[in-house]
Each structure stands twice: as C-alpha cells, then as structure tokens.
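Written below as structure tokens is the structure these notes are about.
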Amino acid sequence: MSARKRREQFEHLMLPHLNAAYTLARWLLRGSEEAEDIVQAAYTRAFKYFDQYKEINSKAWLLTIVRNQAYEWLQRNKNSSNLISFDEAVHTQHDESVPAVVGSLSFSPELLAERAIESEALIAAVDRLPIEYREVLLLKEVEGYSYKEIAEIVDIPIGTVMSRLSRARKALLKQVDQQLLRDSAGDL
Amino acid sequence: MTCKEIAQKLERYFDNELPLSEKQMLEEHLSRCNDCTHILAGLDFLKHNLAEQAVYQAPAGLQRKIEKQLAQQTPEEKPSFSAMPWLGFSGGVMAMVTALVVGVLLYLPTPQGRTIPDEVISAHVRSLLVDHITDVSSSNRHTVKPWFSGKLDYSPPVVNLARQGFTLVGGRLDYFQQRSISVMVYRRRAHIINLFIWPVVDSKVGDVRKLSRQGFHLRHWQKNGLQFWLISDLNQKELDSFVRLLHRPA
C-alpha cells in the first residue's frame, strides 16, 4: 500500500472522531489550547502506530491515545490543579447510596428537569470533579461506552468503573444541587 | 424485591448492563414504585444534560492542522490543504464582515472548540446584527415552506402562530455544523425568536430540553427525524408556551 493510500485510509477512519477526541481532551484538561495540542499529538501518534491498529473500534482506540497524551501532559505540568491526588480508598468510606443522595437534594429530579441548568454552571460543576470521575462520566454518559469498554480505555477493572461512575454521579448531583441553590438565592 | 435491593441494581439497569432476567424483575418493581422511578429521573437528568451541553465541537482549523501534520509525516508528499470551509451566509459579504467585526466586539466567543448551544447562540446573535434576518420574508407558510425546497435535502415544517402572538417573520438559510440548514424566524412583541431545524441521524423522540446561557433561553427537541433548536431573549414562560404551541399536532 502506498504511503498516500495509508494516510487516506487513516484519515477516513479517524477524522470522524475529531469532535469526540476534542471533547475528551477538554474534559480532562479543561483548557482549550491544551486540548487542541493534545488532540493533534494524539492523531500524530495514532498515525505513527497505525500499522499496529487491529481493533474493531477505531474511536475507542483513538480515545485511549488521547487519554494517554492528556495524562502525560498532566504529569509534565505537575503544577496543574488537575492532579489532585485521588485516593480511591478515602472515597470509599461513608459511601452513601444513590437513593440517599437523590433524597437529600433540595430539588427533586423532576423539578431539576424543569429548571434549566445553565450550561456554565453544569460545566463548572463537572470541572470541580476529580479527573477520574470526569473521564468515566464522559465515556459513559456522552460517548455511551459499556462498562467493559470503559475498563479497557481507562485500564481499570470493571468493578472500579462501576464504583467510580456511581460516585461521580452522586458528586455531580450534589454539585448541581448546590449550584441551583446558589442560583435560587440570587433570584430572591 | 425491596427498594434497597433494587437500589443496588438501579444504576446497572440505567446503564443497560443488567442481564435480561434481572432487568424484567426490576422493571416490574419500577412499575409499582415511585421512589425508585424518581431516582432514575435523577440519573436521566444528569445524562441528558451532560450529553447535550458538555459536548464540544473541535475548533475551526484543527482538522486542517492535523491533515497538514499527517501529510508531513508521510514521505514524498506535499501537504494538502482542504478547501477553507468558509461560511456562506446569505446577505452579502459586506454585511457578514460587518457583523463579524461587531460580533467579535460584542458576543462572539473566542475561536475555541464550542458546544452546539454555543453555536446556536452565535448564529442567533449574528442574525440579529445583519441587516436582513430572513431570505424569504412572509408570514404565509405557503410562501415560506416551498422556498426551502431545492435548497435543502429535507423539508422543514413551517407554522404561523400570529393569532397566538407569535408571528412568522420568514425563513432563511444558515450555515451550521458544516451544512446548510433552515431557520424560521418569529417575533413576539419586540423579541426575535430563531428556530433552527436540521435533520438528525438517530431519530429518538425525547422531552424538550431547556438551557439558558449568556442571557438567552434555548429549547431543544427532536421529532420526525429533525432536530429543533429554539433561541430567544424572550422570557422563559412565554417561550415555553411557544414551544407547547409548536408541539401541537398540525
């Protein structure tokens, strides 16, 4: 296969995932410029290793590379607020159930659906989550991957996917609830 | 099964990860239990809002940068530049240039990757800045609807709700997400309402989604293979009554 043909095949397969790649990079790194750089680096790297690509799911393969690039960047830029040391064991204590959290919200979910939550508020709430929560939330709720697929992309056991997802949802529900409370107070 | 036992399986059910036999048991319980259904509503709220609002479009130019880079990585090849995906607004280049200049000073966000709501807001603001907001100005749906045929590969629905206080001002073509799409323009008193309509790939029907941003209120829904995005600075109460009117069967 000619070099040109190989490149065209790569582009045809991988460029359609550009928005997904960029979205993941934004979620992980938060900033736009960094996200752009990471996505570019990921595509470069993916192209370099394209000959080794034998997966069925091209997007999952690409997103794994994007994720790795993002984490490498975060390691290099250690002063980034992203790298709050995340101790899974600590977060395991006092694990409320989802029903308990939903029950404790100021707003019922039906009412939540009625009250438009401002995009900035939602994104700000997401940004406040630890990176480990953000990535499983995105892969599940936005990209729609199964637990197994997420386990592969993030390289963790399926059980960890489930528990992280659960905690991420609970944390986000609480954040959103507090945000809405603040907004309501502002209305008064 | 008790609610406590159900609670442990609820998320897996929501994520479609329960085996069929357990799924049926759970659905049986849900049909009788408001509390557990209530919790699902909470999960659903999060999922839809995240999928709607926290999804980004890659910044303009990123794709070209990547293509250029790939070409450089390929030996014996000159970099190839895909044609500039410039936006072809009707209304003339001058109007658009003016609008862009003014828009940059006012509302348009910096060229970062943006979500669909961002894009809708930008398109809405641009339309308000340009001199003519419609390509076809008429309150008669029998004039506006046929105007689009031949210009689009789908047929957008058009209604005039002047009797209810929402006057159809007309329609226009807009360029959005790398395609030509239809926009219906309405007016309620002094407020302009833009209704963006374009086809969707997966045609699930859902509830109307609401969000507010930068002082605008947006509403979003899918129906009959089409996506609808409504935006205005009109207050939410009146905007929602407009949405209800639009949902009435023809």
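The values are calculated or read from the model by the stated rules, or taken from the named source; none is laboratory data. Given the structure is predicted, the values throughout are model-derived calculations rather than measurements. Counting neighbours? That spans all protein chains shown, and the Cβs are built from the backbone with ideal geometry, glycine included. Quick note on the areas: whole protein, heavy atoms, side chains included, nothing else; ligands and nucleic acids left out. Shrake-Rupley method; radii C 1.70, N 1.55, O 1.52, S 1.80 Å.
Observations
- B:Val200 vs. criteria surrounded by fewer than 21 Cβ atoms within 10 Å (Cβ to Cβ) and within 14 Å of chain A (Cβ to nearest Cβ): no
- Residue within segment A:58-71 that is at pLDDT below 90 and not hydroxyl-bearing (Ser, Thr, Tyr) present: no
- Tally of residues being loosely packed, with under 15 Cβ neighbours inside 10 Å, in a loop (DSSP other than H, G, I, E, B) and not hydroxyl-bearing (Ser, Thr, Tyr) across segment B:141-188: 6
One line per residue, one yes/no per condition, for (1) within 16 Å of B:Val136 (Cα to Cα); (2) at pLDDT 90 or above; (3) of a type in the set (A, V, I, L, M, F, W, C):
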residue	(1), (2), (3)
B:Ser149	yes, no, no
B:Gly165	no, yes, no
B:Val185	yes, yes, yes
B:Asn224	no, no, no
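- For segment A:117-146, the set of residues classified as free of Cβ contacts under 8 Å to residues at least 24 places away in the same chain and either away from chain B (no Cβ under 12 Å) or surrounded by fewer than 21 Cβ atoms within 10 Å (Cβ to Cβ) (or both) consists of A:Glu120, A:Ile123, A:Gly144, A:Ser146, listed by residue number.
- Residue match in segment A:115-127 (condition: of a type in the set (Gly, Ala, Ser), under 23 Å from A:Gln69 (Cβ atoms) and at pLDDT 75 or above): no
- Counted residues, segment A:1-47 - those being under 16 Å from A:Leu138 (Cα atoms), in contact with a helix residue (DSSP H, G or I) (Cβ under 7 Å, 6 or more places away or on another chain) and either surrounded by fewer than 17 Cβ atoms within 10 Å (Cβ to Cβ) or without any contact (Cβ under 8 Å) to a residue 60 or more places away in the chain (or both): 8
- Scan of segment A:24-57 for residues that are part of a helix (DSSP H, G or I), under 20 Å from B:Leu62 (Cα atoms) and at pLDDT below 85, ordered by number: A:Ser32, A:Glu33
- Some residue of segment B:18-37 being in contact with a Ser or Thr (Cβ under 9 Å, 6 or more places away or on another chain), at the interface with chain A (Cβ under 7 Å from one of its Cβ atoms) and of a type outside the set (Lys, Arg): no
- The set of residues from segment A:48-80 being open to solvent by 80 Å² or more (accessible area, probe 1.4 Å) and more than 10 Å from chain B (Cβ to nearest Cβ) comprises A:Asp51, A:Gln52, A:Lys54, A:Glu55, A:Ile56, A:Glu72, A:Gln75, A:Arg76, A:Lys78, A:Asn79.
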